[in-house]
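The values are calculated or read from the model by the stated rules, or taken from the named source; none is laboratory data. The structure presented is a predicted model; accordingly, all values stated were derived computationally and were not measured. Every residue, glycine among them, receives a Cβ derived from its backbone with ideal geometry; neighbour counts consider all protein chains shown. Ligands, DNA and RNA are stripped out before the accessible areas are found, and what is left, the full protein with its side chains, is counted by its heavy atoms. Shrake-Rupley method; radii C 1.70, N 1.55, O 1.52, S 1.80 Å.
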Amino acid sequence: MSEEQETDIARQVAFRGGGFAPTPYRWIGLAVFVVLIGLAEIGTQSGFISPLTLPKPSDVLLTFVELYNSGLLWTHLAPSLTRLAVGAALGATLGIGVGVLIGLFSYIRAGMVPLIAAIFPIPKIALLPLFVIWFGIDEASKYALIAFGTFTPTVVATYGAVDNVDRTLIRMGQSFGLSWKSIVRKIILPGAMPGILSGLRISLAIAIILLVAAEMLGAEHGIGAYILEAGSLYNLERLFAGVVILSLLGVLLSSVIGAIERYVLRWRT
Amino acid sequence: MTMNRREAITLIGGAAAAAGLATPALSQNRKITVGALRFTSHSGSFIAFERGHFADAGLDVELKFFQAAQPMAIAIASGSIDYAVTAVSGGLISLAQKGAVKVIGGALSEEPGIDGQKILASDAAFKAGLTSPKKLDGKIFGMSTAGSSFHYMGSKVAAAEGAAMKFKPLQKVGAIIGALKSGQIDAWSIVPHIAKPLAKSGAAHIIGNVSDYLPNYQITTVFTSANNAAEQKAMTGDFLTGFSKGVADYNAAMIARSAGQDGVDEMVRLIHKYVYADRPLEKAAPSIINGTMRLNEGAALNVASIEDQLKWFQSEALVDADVTMDRLVDTSYVKTIRA
Amino acid sequence: MDIRLSGISHSYGDFEVLRNISLDIPSGKIVCIVGPTGCGKSTLLRLIGGLEAPNKGNVLQLGVPAEDCLNPLTYVFQDFALLPWRTVAGNISLVLEDHDLSRADIRKSIADVLARTKLSDFARALPKQLSGGMKQRVAIARALAVKPAVMLMDEPLSALDSQTRELLMDDLVALWTRQPFSAVYVTHNLDEAVRMGHMIVILSRCPGQIREIVHLEKPLDERSYGDSDLQFRQKYLWNLMRDEAQAADAELINV
């Protein structure tokens, strides 16, 4: 040590580049669920949490099992899934169609964008009575509500995605003399696909939210109707069972889109 | 009377104290909150409040208004308000089962001979032959939610006529009226002051009376938190005393018409402060008068009717089968009727 | 087929990019266009291929292209412009699908150009799996597939590192030697110009005007990395351009 001169002192350079890089820890998400539900169970079992505040998670599970065993789960799920599928398919298809048209034609863009901006913030739930008058109290008004709710976000996502297609690819298509149709079908649509799919993620979540609203009027069966009925009967176990079903539905739809993305967008780096 | 309410209360309270009159034992000027909907059926509370009956009973009442019965029941359960009047529903029974609320008295009743709730048919259904409740088989009946009083009434009428009906939940009265007008539902039952104008406009037709099927139907009840009912007996008794005086005033003026037309007019003016306040008095008056139904004297409770309702909700699996009458009702406060 | 530019001027709004350019591009030769940054080289190329229309002057095709030519004026872009969702073969197929060709013909064309660019083993690879040099080879193969009369190459090697650039230059020379094609080759790299060009057109800085045209007679396949006579020509070109480049660099960007 003493031999070393002052200028030669060797020091480890401190590492300071850590953090700010999201690292996936899968099990933590699950652990949060387990801990929260466990706490709720202990709280309600011990009486610390009154049955008026929160139902026992085990009772919710029991309600769910009963629902499944009685076959009522499918009685409620089938119409809800149909409404979701028909409504969201209608809304998304129309939304993608209009979005692409807005992306391609300046006149349509000039005409439609302000209209879409005006429609977007309308709470679709507020229009439910109007929809009942237009489309009747049966399935049509429910399809319409869900379709309308998924339409606007899909339009916005789609024309944004079309705008973001790499212009050099379009120039390339033109320089090779590709027809307009080919450019749209082979360059613009696939190029817009990532944006359209991430838009669909949001649209489908909105569709699930609107499912409950759609089933407010005149639905005897359906997960939304089940939740509303449980709410009006102040039956918290059923209410939570219904909410859990909706959550699971959301997770399921999101993972389906994830799978579609992985397949359709496997070209992405 | 030119005094405002607060002055009136201090004056009355002060006078009572000074004179050493028979003031209620425990609850001197005790502050309580009473929940209400803006319906004529809640007139008992309005009158007791306006005419100082609550103050006489030693209570400083604040009225709190709600848009629907459901949040009001939850407000009682959570202790945000102390007393309220509401229809028996699946939700109310569930809250009672959880030990949150208790029915302590009766309010609005069907009574043979007095105009009560009406059974309505939509214009389209009426023209297609739905002219009497006997023809309800296969029809669609409107209701707010499953387990509501509409659901109960419709089911009872259908059972009596051997009709199988479909029930459509539409959440709000406004939505039900819309669906009835556009013929999306075939039939509905509702209080007279809503039924009559609908029939008059031609959008719907009155095809029967609820009282023909449920002669002494206890439609609304006075309820409070289970804690108030069990622990605050003096305060609860005082509330019912004040409320009953309001009810007595209402029945005397509107049903017995003991003070003639002037009495009716004065009562309508009082109620108009709370009900249909957005319309001018002359327009609101017919609706208020149309809505006249008997409120139980002394807040007496028809336990036979309540029991029938409880049994029906249980038979439909809308509430748990193990809810007992004791869990739902505290009969220690008012006279009970068994008919 | 030759291309003739006569009196071309072009401006974007008030900003004049090109002034009075007249030039003949003979068939079977590679014409390099060099000049300082922002002198309108790329604009000129877009005008030649019809991706933009000049404000003044004409771009003329003299003669007719060969019968089997599918797209007479064909670009090779600096950033490759490959569809990332199509395979190598799919990207080439793209530019053939719109023509009246049978599936078998398309397959044959693809196989042919992939062989010529030494890409046969990569036909099913996606662009994301390829290096930059490979991507540009695919773009060149795609351009060859439509049998162009003139290739319009916009800084084709500028996005590549210098080793890859050398390799690709050798490939291009080999391609040309086997089957001469006409090309307009825009670059800012003088080394590329002296290696690839039969004719080098030097543009002045903005607005771009033709400063000088240099002809190189030495056959392409005899030129190679570090040739002293090429270095001499390169130095000459650089002396011509130096002051312009300096002035161009000091200019405020006019946007």
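Filter the GluC sites (Glu not before Pro) in segment C:170-249 down to the DSSP loop ones having no more than 10 other Cβ atoms within 10 Å, then list what survives.
Here the GluC sites (Glu not before Pro) that fit, given the DSSP loop and packing criteria, are C:E217.
For segment B:276-339, state which GluC sites (Glu not before Pro) are in a DSSP loop and have at most 15 other beta carbons lying within 10 Å of their beta carbon.
Here the sparse-neighbourhood loop sites are B:E316.
Return the subset of B:K31/B:K98; B:K127/B:K156; A:K142/B:K98; C:K56/C:K118; B:K64/B:K172; B:K172/B:K273 for which the Cα-Cα distance in this structure is over 32 Å, preserving the input order.
A:K142/B:K98; C:K56/C:K118
In units of 2.2 N^0.38 Å, what is the alpha-carbon radius of gyration of the protein assembly as shown?
That ratio works out to 1.47.
Which percent of the accessible heavy-atom area of segment C:193-255 goes to carbon and sulfur, probe 1.4 angstrom? Please list the in-between numbers first.
On the way: 1900 of 3880 Å².
With neighbouring chains kept in place, the figure for segment C:193-255 is 49 percent.
Residues of segment B:166-209 with accessible area at least 50 Å² lower in the all-protein-chain context than alone (1.4 Å probe)?
So the qualifying set is B:K168, B:P169, B:Q171, B:Q184.
Using a Förster radius of 51 Å, what is the FRET efficiency between A:A85 and B:E307 based on their Cβ-Cβ separation? Nearest 0.05, please.
Numbers: r = 45 Å, r/R0 = 0.89.
E(calc), rounded to 0.05, equals 0.65.
Which value results for Rg/Rh of segment C:84-147 when Rg is the Cα radius of gyration and Rh the Kirkwood radius based on the inverse mean 1/r?
0.94
Express as a percent, rounded to the nearest 5, the fraction of DSSP beta bridges in chain B (both residues included) that run antiparallel.
For chain B, the DSSP antiparallel bridge percentage is about 55.
Taking only complete DSSP H runs, can you tell me which helices of chain A stretch 15 Å or more along their own long axis by Cα positions and average at least 0.5 on the Kyte-Doolittle scale? Could the numbers behind the result be given before it?
Numbers: long enough: A:26-46 (31 Å, 1.37); A:57-69 (18 Å, 0.59); A:72-104 (47 Å, 1.49); A:106-119 (19 Å, 1.44); A:139-163 (36 Å, 0.64); A:189-214 (35 Å, 1.92); A:236-264 (41 Å, 1.61).
Both cut-offs are met by A:26-46, A:57-69, A:72-104, A:106-119, A:139-163, A:189-214, A:236-264.
At a 1.4 Å probe radius, which order do C:C206, C:C32 fall into by accessible area, largest first?
Values: C:C206 35, C:C32 0 Å².
Final ranking, largest accessible area leading: C:C206, C:C32.
Let me cross-check A:K181: its accessible surface, 1.4 Å probe, with only protein heavy atoms counted, in Å² to the nearest 10?
150
Give me the angle, in degrees from 0 to 90, between the Cα long axis of helix B:281-290 and the longest principal axis of the Cα atoms of chain B, rounded to the nearest 10.
70
Pick out, in residue order, every one of the GluC sites (Glu not before Pro) in segment A:1-98 that is DSSP loop and has at most 12 other C-beta atoms within 10 Å; say none if there are none. Mind showing how you got there, number by number?
Numbers: sites: A:E3, A:E4, A:E6, A:E41, A:E66; in loops: A:E3, A:E4.
In loop regions of segment A:1-98 (DSSP not H, G, I, E or B), the sparsely surrounded GluC sites (Glu not before Pro) are A:E3, A:E4.
What are the ³J(HN,Hα) couplings of segment C:216-226, residue after residue, when phi is run through the Karplus curve with 6.51, -1.76, 1.60 and θ = phi - 60°? Round to Hz, x for glycine and proline.
10, 8, 4, x, 4, 6, 9, 7, 8, 4, x
Quick one: accessible area per residue over segment B:118-212, 1.4 Å probe, rounded to a whole number of Å²?
36
³J(HN,Hα) across segment B:293-310 via Karplus (A = 6.51, B = -1.76, C = 1.60, θ = phi - 60°), whole Hz, x for Gly/Pro?
9, 5, 9, 4, 4, x, 6, 4, 10, 7, 5, 4, 5, 4, 5, 4, 5, 4
Can you give me the long-range amide H partners of B:K64? Hydrogens built in the peptide plane at 1.01 Å from N, cutoff under 5 Å, separation of 5 or more residues or another chain.
Amide H to amide H, under 5 Å and 5 or more residues apart or across chains, B:K64 pairs with B:V34, B:G35, B:A36.
Which FRET efficiency value, to the nearest 0.05, is calculated for B:K335 and A:A126 with the Förster distance at 60 angstrom and r the Cβ-Cβ distance?
On the way: r = 47 Å, r/R0 = 0.78.
About 0.80, to the nearest 0.05.
Which far-off residues, 5 or more places away or on another chain, put their amide H under 5 Å from the one on B:G105, with H placed in the peptide plane?
Here the answer is B:V222, since their amide H atoms fall under 5 Å of that of B:G105.
To the nearest 10 degrees, how steeply does helix B:192-201 sit against the main Cα axis of chain B, on a 0 to 90 scale?
Helix B:192-201 sits roughly 40 degrees off the main axis of chain B.
Tell me, which residues of segment B:120-154 get at least 40 Å² less accessible area when the other protein chains come in, versus the chain alone (1.4 Å probe)?
B:A146
Any chance you could run the full-extension gain for B:E266 through B:V173? It's 0.36 nm times the residue separation minus the Cα-Cα distance, nm to one decimal.
Answer, rounded to one decimal: 30.6 nm.
Relative contact order for segment A:109-254: what is it in percent, counting Cα pairs under 8 Å that are at least 6 residues apart?
The normalised contact order for segment A:109-254 reaches 24 percent.
Just A:L84, A:L39, A:L128 to compare: in a GNM of chain A, with alpha carbon springs under 10 Å, which one fluctuates most?
Maximum fluctuation in the GNM of chain A, among the listed residues, is at A:L39.
At a probe radius of 1.4 Å, figure out the B/A buried accessible area, summed over both chains, and give it in Å² to the nearest 100.
Looking at B and A, the buried total is near 1900 Å².
Please list, in order along segment C:165-173, the HN-Hα scalar couplings obtained from phi with the Karplus expression 6.51 cos²θ - 1.76 cosθ + 1.60 (θ = phi - 60°), rounded to whole Hz, x for Gly and Pro.
So the J values, rounded to whole Hz, are 4, 4, 4, 5, 4, 4, 4, 4, 4.
Long-range amide H contacts for C:Q78: which residues qualify at under 5 Å (H placed 1.01 Å from N, peptide plane, sequence gap of 5 or more or a different chain)?
C:D154
Rounded to the nearest 5, what % of the DSSP beta bridges within the protein assembly as shown are antiparallel ones?
Beta bridges within the protein assembly as shown, antiparallel portion: roughly 50 percent.
Could the peptides B:201-211, C:150-160 be put in order, highest first, of the mean number of other beta-carbon atoms found within 10 Å of their residues?
The most tightly packed comes first, giving C:150-160, B:201-211.
Taking all protein chains as present, what is the carbon and sulfur share of the accessible area of segment C:84-147, in % to the nearest whole number, probe 1.4 Å?
It is 49 percent, rounded to a whole number.
Given the whole protein assembly as supplied and a 1.4 Å probe, what does the accessible area of A:D138 come to in Å², nearest 10?
90
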